[in-house]
Amino acid sequence: MKVIVVKSNQDLAEKAYEHIVAVMESKKEVTLGLATGGSPVGIYELFRKNKPRSAHVTTINLDEYIGLAPTHEQSYRQFMNKQLFETVEFKETFVPNGTATDLQKACDDYEEIVAKHPIDLQLLGIGQNGHIAFNEPGTSFTSKTHVVQLTSSTINANSRYFEKEEDVPTTAITMGIGTILKAKEILLIASGKNKAEAIKQMLEGDVTEACPASILREHPNVTIILDEEAASLCGSLKDRQTV
Ligand code: GLP
């Protein structure tokens with residue numbers, strides 16, 4: 001696992017963007033696993049500004065709220081359309097279907113999509129409780145795409161995007177941890193003090209289902225890019241040069 005600590009959120013976005021574009025340029029056909037939330041916004045801004053060659057790239061998103069139509073302002077499909085897909089052209093883009101009548105089938109279909117398009121690089125954020133995608137603490141490390149009940153910590157953190165907390169969906173479809181771990185390479189980004197405890201648990205705590213992100217320590221090809229605040233509680237990063 002490679003850990004890079006940068007000074008600012010802008011530096012983080014630039015480093016991560018360069019990393020992603022290098023993977024996009026490495027092969028004729030590429031699949032990127034993409035994430036939503038505030039963390040990747042700076043990266044997507046660089047995509048919109050630089051418009052890298054991307055028509056050979058398929059994208060697969062991690063998760064979607066259940067009950068929000070793809071046109072709903074806060075659905076992850078809509079987030080991705082606005083942040084990226086309306087400006088940058090990809091070969092195909094996949095986001096789980098949160099309004100499917102048969103949710104189990106939607107999960108199984110998504111698992112098949114991932115199997116058909118093995119992910120070359122998976123971009124991840126991290127929740128304040130150590131969740132990755134919507135895999136809350138306690139989720140099995142071997143889980144596949146499934147329906148989840150969101151924790152109050154996640155609902156509260158994500159309520160900043162909604163008018164009121166009651167508007168935040170309480171369930172979602174998410175790629176499982178086992179699904180995520182199949183990616184050939186993983187890039188996790190985190191910034192800000194509110195992520196520092198989760199980063200400490202991920203890097204220095206036990207590898208345990210209580211901290212979903214901790215399993216990344218056992219994946220063979222992971223890069224973590226942190227700003228100084230997110231890295232601030234990690235003793236093991238104290239002497240590391242910030243880049
Ligand atoms: C959400 C998403 C995750 C994301 C996390 C952190 O719950 N499902 O994929 O990593 O929140 O979000 P943010 O980057 O806004 O802090």
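Here the Karplus curve 6.51 cos²θ - 1.76 cosθ + 1.60, taken at θ = phi - 60°, turns the phi angles of segment 138-148 into couplings of x, 5, 5, 5, 9, 4, 9, 4, 8, 8, 10 Hz, with x standing for Gly and Pro.
Rolling a 1.4 angstrom probe over segment 2-237 with all protein chains present gives an accessible area of which 48% lies on carbon and sulfur atoms.
Note that segment 2-237 presents 43 Å² accessible area per residue, ligands and nucleic acids not counted, probe 1.4 Å. Ranked by solvent-accessible area (1.4 Å probe, protein heavy atoms only, all chains present), the residues 11, 120, 108 order from largest to smallest as 108, 11, 120. Qualifying trypsin sites (Lys or Arg not before Pro) in segment 190-243, where qualification requires a DSSP coil assignment and no more than 15 other C-beta atoms within 10 Å, comprise 238, 240. Within the shell defined by Cβ-Cβ distances under 15 Å, the residues around residue 192 carry a net charge of 0, with Lys and Arg each +1 and Asp and Glu each -1. Amide H to amide H distances under 5 Å link residue 3 with 224, where only residues 5 or more positions off or on other chains count and H is placed in the peptide plane.
I need the Debye-formula profile for the chain: one equal scatterer per C-alpha, no solvent, reported as log10 I(q)/I(0) at q = 0.15 1/Å, two decimals. The Cα Debye sum returns log10 ratios of -1.04. Note on residue 100 and residue 22: the model spin-label points, each 7 Å out from Cα along the C-beta direction, lie 3.6 nm apart. If you take all other residues with their beta carbon under 14 Å from the beta carbon of residue 88, and give Lys and Arg +1 and Asp and Glu -1, the sum is +2. Between segment 161-186 and segment 68-87, the C-alpha centres lie 15 angstrom from each other. So, counting K/R as plus one and D/E as minus one, what does the shell of residues with Cβ under 11 Å around residue 223 add up to? Net of charged neighbours comes to +1. Sequence-ordered 3J(HN,Hα) estimates for segment 91-106 from the Karplus curve with 6.51, -1.76 and 1.60 and θ = phi - 60° stand at 5, 7, 10, 10, 9, x, 8, x, 10, 4, 6, 9, 5, 5, 5, 4 Hz, glycine and proline given as x.
The values are calculated or read from the model by the stated rules, or taken from the named source; none is laboratory data. Quick caveat, the model's predicted, so the values are computed rather than measured. Positions of Cβ are backbone-derived with ideal geometry, glycine not excepted, and every protein chain shown enters the neighbour counts. The protein model used for the area step is the full one, side chains on, heavy atoms only, and it has no ligands, DNA or RNA in it. Shrake-Rupley method; radii C 1.70, N 1.55, O 1.52, S 1.80 Å.
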